[in-house]
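Notes for the one structure printed next.
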Amino acid sequence: MTSTAPSIVEQPRVNLLGLSLRQMEQFFLDIGEKKFRAQQVLKWIHHAGVTDIGAMTNLGKALREKLEAIAEVRPPEIVSQHDSSDGTRKWAIRVDGGGLVEAVLIPEAGRATLCVSSQVGCSLDCSFCSTGKQGFQRDLSAAEIIGQVWLAIKSYDAFQSGNGRIVTNVVMMGMGEPLLNFDNVVAAMDLMMEDLAYGISKRRVTLSTSGVVPALDRLAEVSEVSLAISLHAPDDALRDELVPINRKYPIARLLQSARNYIDAQRDQKRVVTVEYTLIAGVNDQPDQARELAALLRDFPCKINLIPFNAFPQSAYRRPSGNAVSRFWQVLVDAGFVVTVRTTRGDDIDAACGQLVGQVVDRTRRSERYRSAVETQVIQVS
């Protein structure tokens with residue numbers, strides 16, 4: 001009888017890129033080192049852009065060798081980069097397992113806003129969103145989320161250039177629903193705001209949600225980032241069609257949860273950004289603007305109108321400029337602060353709602369939606 005030696009399973013190395021200060025301190029304590037090493041390593045990764053542990057010269061040689069055996073600094077991989085004529089830059093980024101996500105940097109008037117993804121695909125299936133037509137593959141890790149910030153800065157050689165802050169604002173508005181990847185998103189946002197990492201103000205980090213109410217209730221306990229809600233309709237009947245999660249958490253519950261979040265903040269001047277995508281013939285009529293004004297009358301908010309951006313899998317149409325202006329005027333006359341989002345990066349398919357990339361459509365939602373919406377449009381006509 002022959003005996004076989006037990007197989008040795010090699011433990012994966014810890015990716016230090018996604019560890020918060022607290023997690024990094026615990027990591028060093030767990031390996032028998034002083035926790036102040038966490039501050040040194042955070043600065044190397046997020047201030048200096050260094051991924052080679054051997055180059056972290058204020059760590060002793062023995063510690064560097066110890067870390068190289070059990071840890072790594074591994075950002076995701078840029079597959080392609082596209083630069084728009086208006087200065088917008090978009091990246092397709094490959095993450096573990098081969099999935100692709102997108103990040104978009106939008107420069108404007110002395111600031112630069114990075115739109116970050118939280119999932120590969122999305123499970124919420126909003127009818128007007130291109131990402132939702134691709135189905136859901138998986139959540140991103142904290143390293144893959146913060147890695148999008150790291151890669152954006154690296155692509156401009158800004159870690160070493162001394163040209164000032166490249167990314168001034170971050171919006172969790174890319175692929176995926178952030179609150180369905182709660183722990184990793186919160187950890188990544190903590191790193192964005194950490195002075196030893198990117199030091200972005202909590203007012204300049206925004207989480208946008210379609211309305212996962214229980215997770216939004218939890219967020220108030222652990223974070224002070226700015227909040228945006230994807231509303232897109234003035235009543236539950238229409239929102240049920242556009243944002244299916246509304247059937248589980250209707251508008252009244254979402255608005256109350258958002259109000260509770262704002263009330264829990266130490267800064268009582270904060271307001272919620274209400275995002276409203278205007279779709280021709282669906283939710284862009286003056287009567288619907290008046291309904292929206294009535295709905296939000298006592299709600300602490302500003303409103304961001306987003307003219308729909310067409311994409312191949314959708315039969316929805318962009319509203320006319322006059323329709324957008326009429327809708328805007330009704331809300332302004334009702335006393336709201338209202339902005340209209342300017343389309344950016346149109347020539348590279350980077351505008352909001354066009355974050356499709358090369359994510360594999362595993363659910364054939366695209367065909368189903370196109371057929372359903374075309375039928376609806378014919379009936380309306």
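Just so you know, all these numbers are worked out from the coordinates, no wet-lab data involved. Since the model is a prediction, treat every value here as computed from it, not as a measurement. Cβ coordinates were reconstructed from backbone atoms using ideal geometry, including for glycine residues, and neighbour counts include every protein chain displayed.
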Report summary line: One finds, for His47 and Lys302 with R0 = 41 angstrom and r their Cβ-Cβ distance, a FRET efficiency to the nearest 0.05 of 0.80
Report summary line: Across Asp267, Asp52, Asp139, the residue with the highest GNM fluctuation in the chain (Cα network, 10 Å cutoff) is Asp267
Query raised in the report: What nm distance separates the two modelled labels at Glu33 and Glu65, each placed 7 Å from Cα along Cα→Cβ?
Result: 1.4
**Report entry** Residue-averaged 222 nm ellipticity for the chain, from DSSP H runs of 4+ at -39500 (n - 2.57), nearest 500
**Finding:** -10000 deg cm²/dmol
**Report entry** Which of Val95, Val222, Val274 has the fewest Cβ neighbours within 10 Å, and the rest in rising order
**Finding:** Val222, Val95, Val274
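If each residue's Cβ is checked for other Cβ atoms within 10 Å, how do Asp83, Asp190, Asp30 rank with the fewest at the top? Before the final figure, lay out the partial values.
On the way: Asp83 14, Asp190 20, Asp30 9.
Going from sparsest to densest Cβ surroundings: Asp30, Asp83, Asp190.
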Requested in this report: Identify which of Ile145, Ile200, Ile31 has the largest mean-square fluctuation in a Gaussian network model of the chain, with springs joining Cα atoms closer than 10 Å.
Outcome: Ile31
Report summary line: Taking R0 as 45 Å and r as the Cβ-Cβ distance between Gln329 and Arg74, the FRET efficiency 1/(1 + (r/R0)^6), rounded to the nearest 0.05, comes to 0.35
**Report entry** Beta bridges per DSSP with both ends in the chain, % antiparallel, nearest 5
**Finding:** 45
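Taking neighbour Cβ counts within 10 Å as the exposure measure, how do Thr113, Thr342, Thr51 sort from fewest upward?
Arranged by neighbour count, lowest to highest, Thr113, Thr342, Thr51 become Thr342, Thr51, Thr113.
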Query - Share, in percent, of DSSP beta bridges within the range 85-209 that are antiparallel, nearest 5 - result: 70
Query raised in the report: Which of rounded, prolate, oblate describes the range 1-143, given a ≥ b ≥ c as roots of the alpha-carbon gyration tensor eigenvalues and a/c under 1.5 marking rounded, otherwise prolate only if a/b is larger than b/c?
Result: oblate
Requested in this report: For Lys34, list the lysines whose Cα falls under 30 Å from its own Cα; do not include residues on the same chain fewer than 8 positions away.
Outcome: Lys43, Lys61, Lys66, Lys154, Lys202
Requested in this report: Using label points projected 7 Å from each Cα along Cα→Cβ, tell me how many nm separate Arg94 and Leu238, to one decimal.
Outcome: 4.3
Report task. May I ask you to compute the full-extension gain from Arg317 to Gln26, defined as 0.36 nm times their residue separation minus their alpha-carbon distance, rounded to one decimal in nm? Result -> 99.6 nm
**Report entry** Cα centroid separation - the range 82-123 against the range 173-236, whole Å
**Finding:** 17
**Report entry** Convex hull volume of the chain per residue (C-alpha atoms, cubic angstrom)
**Finding:** 177
Query raised in the report: What full-extension length gain, to one decimal in nm, is calculated for Asp287 and Asp157 as 0.36 nm per residue of separation minus the Cα-Cα distance?
Result: 41.8 nm
**Report entry** the range 23-94: trypsin sites (Lys or Arg not before Pro) in DSSP coil with no more than 16 other Cβ atoms inside 10 Å
**Finding:** Lys34, Lys35
Query raised in the report: Around Leu278, which amide H atoms from residues at least 5 apart in sequence, or from another chain, sit under 5 Å from its own amide H, with H modelled in the peptide plane?
Result: Ile306, Phe308
